[in-house]
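Presented below is the structure to which this report refers.
What follows is calculated from the coordinates using simple rules that are stated; it is not laboratory data. Being a predicted model, the structure only gives us computed values, none of them experimental. Here the Cβ is made from the backbone with ideal geometry for all residues, glycine too, and neighbour counts use every protein chain on show.
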């Protein structure tokens with residue numbers, strides 16, 4: 001039996017690289033990398049003996065992680081890489097390829113604009129996968145002649161293509177991940193797992209690559225088979241990594257209703273939009289076990305929301321947060337500071353807005369010109385960044401872009417101020433303590449709070 005290794009490189013700190021988005025964790029959260037979980041299922045279904053080395057979650061240094069990779073004796077490696085630490089990821093993956101002799105394939109955000117060009121600059125890679133749900137890699141490894149749209153091989157010159165296939169997938173390799181220390185601020189029990197029902201996103205916000213992938217929903221029966229396996233493994237909490245849960249409506253309603261009918265005891269959270277969620281959907285989601293929804297707010301500036309294709313304004317944001325809270329759902333608000341129109345005044349308004357929403361959590365990110373996005377095209381055209389910029393981190397610890405009125409250093413200070421204003425309010429701290437539901441949730445909050453404060457002090 002041939003061996004396949006799923007590989008996450010070592011990291012400086014806690015780093016997330018999956019689903020074409022890489023950044024430093026703003027506190028301590030780290031979820032299972034869904035690219036590897038799903039491709040592990042495809043590889044296993046194709047007859048490979050699949051193992052895992054996640055050097056980030058297990059806190060392995062480069063030499064220890066390399067030794068673990070060599071000990072796995074892989075014929076094939078499927079690895080994650082990220083723009084957040086491509087400088088060190090590149091060296092580590094090259095070392096693994098050299099010392100194992102395995103054919104190495106990779107996935108990651110930095111490959112999504114020009115996969116063929118990146119492959120040409122990375123001779124240690126045998127190929128790049130641009131759709132982690134695809135079976136093209138395993139079919140290629142089996143020697144099939146594959147009409148490819150999601151696998152880039154040496155000497156290819158074709159451009160990145162959108163994928164819109166709502167394909168069924170084999171049960172992912174969750175069993176390899178459940179015993180590792182993956183965690184999330186929203187998790188109330190352990191262990192947790194990541195799952196997706198919709199690949200891509202039907203919306204095309206200028207700063208996000210996910211909307212450039214197209215959008216397709218898995219068959220409900222296929223998702224239920226995965227949920228039954230997660231239940232068998234003892235998983236208690238799920239992160240539905242759908243970028244817009246609820247669009248199109250019918251498959252998501254069917255899934256929620258089926259989860260209720262099956263009697264699953266999962267708690268879960270997911271992303272959706274303020275112009276998608278309504279009372280009916282919120283109630284269906286809650287009945288199916290959802291306890292937290294993540295809603296993109298981005299800014300309190302109507303100009304910024306319009307220019308970057310959000311499709312809604314601040315009044316709808318207020319209404320959606322209030323409705324979710326009335327229906328008993330926790331809310332998390334995400335913000336992006338430092339888009340080109342940003343000023344000190346607009347950030348101040350956004351911080352005030354964030355505090356007024358009464359959200360349970362908030363994530364303050366900093367705009368980065370991610371590969372394959374309209375924001376990157378505009379930044380390169382304006383001379384704001386170099387066309388060959390590869391290393392970037394949207395967490396905000398090391399901003400990349402300046403705005404029309406703020407430097408990168410200014411944005412770093414403003415992000416720190418936003419985090420302090422939101423999380424260090426006495427009323428907020430008291431609210432969080434009052435709402436703790438379990439020892440696991442208390443321990444998670446304590447660890448996340450410590451990491452957040454530490455990052456404020458040291459970064």
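How many nm is it between the label spots at residue 59 and residue 224, if each spot is 7 Å from the Cα in line with the beta carbon? Placing both labels 7 Å along Cα→Cβ, they lie 4.2 nm apart. Restricting the count to DSSP beta bridges whose residues both fall in segment 184-458, what percent are antiparallel, rounded to a multiple of 5? Of the beta bridges lying entirely in segment 184-458, close to 10 percent run antiparallel.
Bridges between two residues of the chain, per DSSP, are antiparallel at a rate of about 15%.
For segment 9-164, what percent of Cα pairs sit more than 27 Å apart? Intermediate values should be presented prior to the final figure.
Values: 1977 of 12090 pairs.
Tail of the P(r) past 27 Å holds 16 percent of the pairs.
The relative contact order of the chain, computed from alpha carbon pairs under 8 Å that lie at least 6 residues apart in sequence, is 15 percent.
Length available on full extension from residue 73 to residue 232: 0.36 nm per residue minus the Cα-Cα distance, which gives 54.3 nm.
Its alpha carbons give segment 208-266 an Rg and a Dmax of 12.6, 36 Å.
Multiply the residue gap between residue 398 and residue 155 by 0.36 nm, knock off their C-alpha separation, and tell me the result in nm, one decimal place. Before the final figure, lay out the partial values.
Numbers: separation 243, 0.36 × 243 = 87.48 nm, distance 3.45 nm.
Extra length available between residue 398 and residue 155 comes to 84.0 nm.
Once you have the Kirkwood Rh of the chain from its Cα pairs, apply Stokes-Einstein at 20 °C and 1.002 mPa s and quote D in µm²/s. Answer, rounded: 95 µm²/s. Computed on segment 262-334, the Cα convex hull volume stands at 78 Å³ per residue. The label point for residue 358 and the one for residue 322, both projected 7 Å from the Cα toward the Cβ, are 0.9 nm apart. The modelled label-to-label distance between residue 381 and residue 249, using points 7 Å beyond Cα along the C-beta direction, is 3.6 nm.
Given R₀ = 60 Å, FRET efficiency for residue 286-residue 341 by Cβ-Cβ distance, to 0.05?
0.95
For segment 100-207, averaging the sequence separation of C-alpha pairs within contact (under 8 Å, six or more residues apart) and dividing by the residue count gives a relative contact order of 22 percent.
Helical content of the chain, expressed as a calculated mean residue ellipticity at 222 nm, amounts to -11500 deg cm²/dmol (DSSP H runs of 4 or more residues, -39,500 (n - 2.57) each, divided by residue number, nearest 500).
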